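Have a look at the structure below before the remarks.
The values are calculated or read from the model by the stated rules, or taken from the named source; none is laboratory data. Values in this document were obtained by computation on a predicted structure and should not be read as measured data. We place every Cβ from the backbone using ideal geometry, glycine too, and count neighbours over all the protein chains shown.
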């Protein structure tokens, strides 16, 4: 590979993995966007994630990368998909299984480049309980601290999260999603190098739980814009 990659770790649950329907938007491809799969870097193509092959589809990673790849200093881009649908924050905490898998995958991927940012979308699995929602911000801070320490030698690697979909007000089981969103915004004010992308106006795919393909295209751009606002270490 001619140039070392600018690598972005994609973690969280199904709305990061992507459940947008493939036939509802045009495919995105770019010769300078790669994905890490099976221990090697390949041309990036959706679905990026293989957590649940029967439902995996359009996510936000490709539009995020495409927004960056044409800018000076952000090419080529390497996407590292590690999200797993249906997972609570507890499985992403230091010492838990998915955290360990993400750390191992990132270390392997960094043979070809440098970690430039972490994209996070999760919280639906923690929005059904007041206790989980009320502790979400503090637990997410601990997770971010752990990842930054293990993967970037204590540097403030930028982290961008996204609000939970506002359409969750129509989904039975995520009654505390507004509290999760409030805590994401509170972290913006207190955690250096962290930003939250708005989900305002983004629609669902008909199940009141997952963002639509068109919404995820827009969400990826919003992630990119928030990422670019953060200080780069």
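Below is a table of values for the structure above.
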| item | result |
| --- | --- |
| Test set (1) under 19 Å from the mean Cα position of the chain (by Cα); (2) touching a residue at least 40 places away in the same chain (Cβ under 8 Å); (3) buried (at least 18 other Cβ atoms within 10 Å of the Cβ); (4) on the phi < 0 side of the Ramachandran plot - residue 174 fails condition number | (1) |
| Meets criteria (in a loop (DSSP other than H, G, I, E, B) and either over 16 Å from the mean Cα position of the chain (by Cα) or surrounded by fewer than 17 Cβ atoms within 10 Å (Cβ to Cβ) (or both)) for residue 155 | yes |
| Selection within segment 110-129 - closer than 24 Å to residue 86 by Cβ and in a helix (DSSP H, G or I) | 124, 125, 126 |
| Residue 34 vs. criteria out of contact with any helix residue (DSSP H, G or I) (no Cβ under 6 Å at 6 or more places or on another chain) and in contact (Cβ under 8 Å) with a residue 12 or more places away in the chain | yes |
| Within segment 189-218, tally of residues that are over 16 Å from the mean Cα position of the chain (by Cα), at pLDDT 95 or above and not in a loop (DSSP other than H, G, I, E, B) | 2 |
| Count of segment 79-122 residues which are in contact with a helix residue (DSSP H, G or I) (Cβ under 7 Å, 6 or more places away or on another chain) and farther than 18 Å from residue 137 by Cα | 14 |
| Test: residue in segment 59-73 that is part of a loop (DSSP other than H, G, I, E, B), under 16 Å from residue 220 (Cβ atoms) and out of contact with any strand residue (DSSP E or B) (no Cβ under 9 Å at 6 or more places or on another chain) | yes |
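Yes/no matrix, rows are residues, columns are (1) within 19 Å of residue 10 (Cβ to Cβ); (2) at pLDDT 95 or above; (3) part of a helix (DSSP H, G or I):
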{"position": "131", "(1), (2), (3)": "no, yes, yes"}
{"position": "140", "(1), (2), (3)": "yes, yes, yes"}
{"position": "161", "(1), (2), (3)": "yes, yes, no"}
{"position": "174", "(1), (2), (3)": "no, yes, no"}
{"position": "181", "(1), (2), (3)": "no, yes, yes"}
